[in-house]
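In what follows, a single structure is set out as structure tokens and then discussed.
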Amino acid sequence: MKNSLNNKKIFVAGHNGMVGSSIVKYFYKKGIKKIITKSRKSLDLANKKKVFNFIKSNKPEIVINCAGRVGGIMANYNYPVQFLHENINMQLNLIEACHKYKIKTFVNLGSSCIYPKASKQPIKENYLLSGKLENTNEAYALAKIIGLKSCEFYNRQFGTKYFTVMPCNLYGPNDNFNSKTSHFIPALIKKFTYAKKNKKKSVEIWGSGKPKREIMYVDDLASSIFFILDKVYSKNKKIINYLKKTPLINVGSSKEYSIKQFSIIVKNIIFKNIKLKFNKKYPDGTPRKILDSSIINKFGWKASVKIEDGLQATLNWYKKNF
């Protein structure tokens, strides 16, 4: 399959995670063969010397950073120091190494949770840093903002071509299903699967169920990153000029549901005859969060995976692996 990325050497950092594994799979499907990967054991991205030596010896043309410490509300709240330090170090080591060894393109992965808690909805790219952050994930958000701003500063000072893709909440195969650190979609899948297996009468959902969230199947994010890079290397002036001016672009499904609605959708897929019990002792987090993805939509990309299809695929992966 011919495209502008066919002969490019691409390093995908964090390839074993949900996003990284999806990108590797999607890019291979598109005919890209020169993909470099390295496990966490063989390359500690928090170790500056090792990162520099790796980039120097491999010289990829494109680096896509999917590595990072991630987790849900409770994980972020309980381990802020780890979320802050690990994410800052990994990002800055990669960005600095890319600049030192003249790597042409660096793709940084942001997160919609780094926008202000009380941001206007839908959230536009220019709303970043316009208000206070959600305190339950402040450490992670600050770390990701540092990575994002670093790309911007390197571009301004050194003329690099680094940019950040800002996805909404993601889910899919290889997601984190740890009960203490997962996001809400894998938590729901795990809870309903357990309830069905053990013939429970009800499932406890954390919080009131009222907050609204936008979610997107991880393969849609992979397709968006491929889309942007293909446009950049095809020398599409519109997207190049946009990223030069604003090296940040939102990527979302543009569909939102309340946590209660998500719970009902997952329930109907896994275990219809069960009651939902909402435990309001747990925090809700941000009341509403949906991205304005109109910019990437205007360039010609849109999310395509239906929520029911994505959840079914995720459930199938969970059953096979757990």
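Overview of values
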{"read-out": "Residue in region 123-165 that is farthest from the chain's Cα centre (by Cα), counting only those that are in a loop (DSSP other than H, G, I, E, B) and buried (at least 16 other Cβ atoms within 10 Å of the Cβ)", "value": "THR160"}
{"read-out": "Whichever residue in region 166-181 is touching an Asp or Glu at 6+ places or on another chain (Cβ under 8 Å) and open to solvent by less than 20 Å² (accessible area, probe 1.4 Å) and, among such residues, is farthest from ILE307 (Cα to Cα)", "value": "MET166"}
{"read-out": "Cβ pairs under 8 Å, 6+ apart, first in region 205-226 and on the phi > 0 side of the Ramachandran plot, second part of a helix (DSSP H, G or I) and surrounded by fewer than 24 Cβ atoms within 10 Å (Cβ to Cβ)", "value": "GLY207/ILE259; GLY209/ILE259; GLY209/LYS260; GLY209/SER263"}
{"read-out": "Yes/no for LYS190 being under 22 Å from SER112 (Cα atoms), open to solvent by 20 Å² or more (accessible area, probe 1.4 Å) and either in a helix (DSSP H, G or I) or touching a Pro at 6+ places or on another chain (Cβ under 9 Å) (or both)", "value": "no"}
{"read-out": "Subset of region 274-295 (residues that are within 20 Å of ASN76 (Cα to Cα) and in contact with a strand residue (DSSP E or B) (Cβ under 7 Å, 6 or more places away or on another chain))", "value": "ASN279, TYR282, ARG288, LYS289"}
{"read-out": "Of the criteria (1) over 22 Å from LYS144 (Cβ atoms); (2) part of a strand (DSSP E or B), which one ASP230 fails", "value": "(2)"}
{"read-out": "Residues of region 272-303 that turn out to be within 17 Å of the chain's Cα centre (by Cα) and open to solvent by 80 Å² or more (accessible area, probe 1.4 Å), as a count", "value": "1"}
{"read-out": "Subset of region 24-53 that is under 24 Å from LYS144 (Cα atoms) and touching a residue at least 40 places away in the same chain (Cβ under 8 Å) - its residue that is most open to solvent (accessible area, probe 1.4 Å)", "value": "LYS48"}
{"read-out": "Residue check for VAL70: at pLDDT below 95, at negative phi and surrounded by 17 or more Cβ atoms within 10 Å (Cβ to Cβ)", "value": "yes"}
{"read-out": "Matching residues, region 157-192, being small (Gly, Ala, Ser), out of contact with any strand residue (DSSP E or B) (no Cβ under 6 Å at 6 or more places or on another chain) and in contact (Cβ under 8 Å) with a residue 60 or more places away in the chain", "value": "SER182, ALA187"}
{"read-out": "Residue in region 256-267 that is modelled with pLDDT of 95 or more, surrounded by fewer than 17 Cβ atoms within 10 Å (Cβ to Cβ) and part of a loop (DSSP other than H, G, I, E, B) present", "value": "no"}
{"read-out": "Residue match in region 238-248 (condition: out of contact with any Gly (no Cβ under 9 Å at 6 or more places or on another chain), surrounded by 21 or more Cβ atoms within 10 Å (Cβ to Cβ) and not in a helix (DSSP H, G or I))", "value": "yes"}
{"read-out": "Subset of region 304-313 that is of a type in the set (A, V, I, L, M) and more than 28 Å from LYS120 (Cβ to Cβ) - its residue that is most open to solvent (accessible area, probe 1.4 Å)", "value": "ALA313"}
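The values are calculated or read from the model by the stated rules, or taken from the named source; none is laboratory data. All of these numbers come straight from a predicted model, not from anything done at the bench. Using ideal geometry, Cβ is built from the backbone for each residue, glycine included, and neighbour counts are taken over all protein chains shown. For the accessible areas, the whole protein counts, side chains as well, though only heavy atoms, and no ligand, DNA or RNA atoms are used. Shrake-Rupley method; radii C 1.70, N 1.55, O 1.52, S 1.80 Å.
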